[in-house]
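Read the figures in this text as sums done on the coordinates, not as results from a lab. The model shown is predicted, which means the values in this text are computed figures rather than measured ones. Note that each Cβ is placed from the backbone with ideal geometry, even for glycine, and that neighbours are counted across all protein chains shown.
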Amino acid sequence: MLSRRISERHFHAYLNPEREIDEGASRVHGLTQEDLRSKPKFAEVARDFLDYVQGAELIIHNADFDVEFLDAELARAGLGKLAEHVAKVTDTLAFARELHPGKKNSLDALCERYLIDNSNRTLHGALLDARLLAECYLAMTRGQESLVMELEAPAAVLAAAEALRIDVSSLIVVPALTEELALHERYLDGMEKDARGPSLWRRLFG
């Protein structure tokens, strides 16, 4: 993510695990030993990975679990620990538990809570999971002010408003379907419960 926008830049690599893959793990991610036998080992891509994350804040769900494995592999490659290369690691699982105590906070549960489409997540794939987690993180950290335009200077606000001025008399209005209105109300209910107060949308348009 860059400036709270999901970037199309990504680092993704399949690796030879240098060990047998049990059937349970294969059912989760859909990969077999034969699929990965010819792939590079972690040490062969470690420097490229570190170049990609250098100085960044990493957003990881259940970060302790992943960082432990990364630290072990980086140590084997003689490259220190992950914390020596990145600015910060943010654990979205810990954050979600603070926001939603007593509730399920798996990635699938967060997608359902924030109305994020995860229908393509039939297997545990790293790249798809990273994309879904980015969308969940943006939803979890979105303040009420995100419902209005965020610009740094008043002049920019005026210029943007002028650029967006349109003749509304020519617009074709398509009313929302009943189920769409119900989903919208459900989303606002959840937002207000988490924020413990009325949403800006309902204050302005309720």
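Here's how it looks for THR90: its modeled amide H is under 5 Å from those of LEU58, ILE59, ILE60, which are all 5 or more places away or on a different chain. With a Förster radius of 35 Å applied to the beta-carbon distance between ASP194 and LEU128, the computed FRET efficiency rounds to 0.85.
One decimal place: the segment ARG142-VAL28 gains 37.9 nm when fully extended, by the rule 0.36 nm per residue minus the C-alpha distance. Counting only lysines at least 8 places from LYS193 when in the same chain, those with an alpha carbon closer than 21 Å to its own are LYS103, LYS104.
With one equal scatterer per alpha carbon and no solvent term, the Debye-computed log10 I(q)/I(0) for region 1-67 at 0.21, 0.28 1/Å reads -1.11, -1.25. Basic side chains Lys and Arg get +1 at the Cβ, acidic Asp and Glu get -1 at the Cβ, and with that the dipole of region 1-100 about its Cα centre reaches some 320 debye. Ordering of 91-102, 33-44 by packing is 91-102, 33-44, highest average first (other Cβ atoms within 10 Å, averaged per residue).
FRET efficiency for the pair ARG19 and LEU115, taken as 1/(1 + (r/R0)^6) with r the Cβ-Cβ distance and R0 = 30 Å, rounds to 0.15. Any idea which of CYS111, ALA130, LEU99 is furthest toward the positive side of the dipole for region 96-138, if Lys and Arg beta-carbons carry +1 and Asp and Glu beta-carbons -1? My answer, from the dipole projection, is LEU99.
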